[in-house]
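Here the structure is laid out as C-alpha cells; the discussion comes afterwards.
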Amino acid sequence: MGLLVSVAAQILNKSGRDEQATLVTLAGIVVVLLMLIEQIGKLFSLIYATFGF
C-alpha cells in the first residue's frame, strides 16, 4: 500500500501537481490507519477469547 501511494505521489510531484500529491499521501495514511484499527480490534477479540476476560 505504501509503495503504491509513494509512486503515485512522486508521479504527481514530478508533473507539478503538488496539492494532489499531498492529498494522495493523506488518503493513503488514512486508509492504512483504518486497516490497522481493524487488525487491532481483531487482536483484542483474540485476547478476550483466549483469556476469557
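Computed from the coordinates by the stated procedures, all read-outs in this text should not be read as laboratory data. These numbers come from a predicted model, not from an experiment. Quick reminder, even Gly has a Cβ in these numbers, built from the backbone with ideal geometry, and neighbours come from all protein chains shown.
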If I model a spin label as a point 7 Å beyond the Cα along the Cα-Cβ vector, how far apart are those points for L3 and M35 in nm? 1.2 nm
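Taking the alpha carbon gyration tensor of the chain, what are the square roots of 5 times its eigenvalues, largest first, to the nearest whole Å?
Numbers: eigenvalues 272, 14, 3 Å².
Equivalent ellipsoid semi-axes, largest first: 37, 8, 4 Å.
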What's the angle, to the nearest 10 degrees (0 to 90), between helix 2-14's Cα axis and the longest principal axis of the chain? 20 degrees
Among L12, L26, L43, whose mean-square fluctuation peaks in a Gaussian network model of the chain (Cα, cutoff 10 Å)? L43
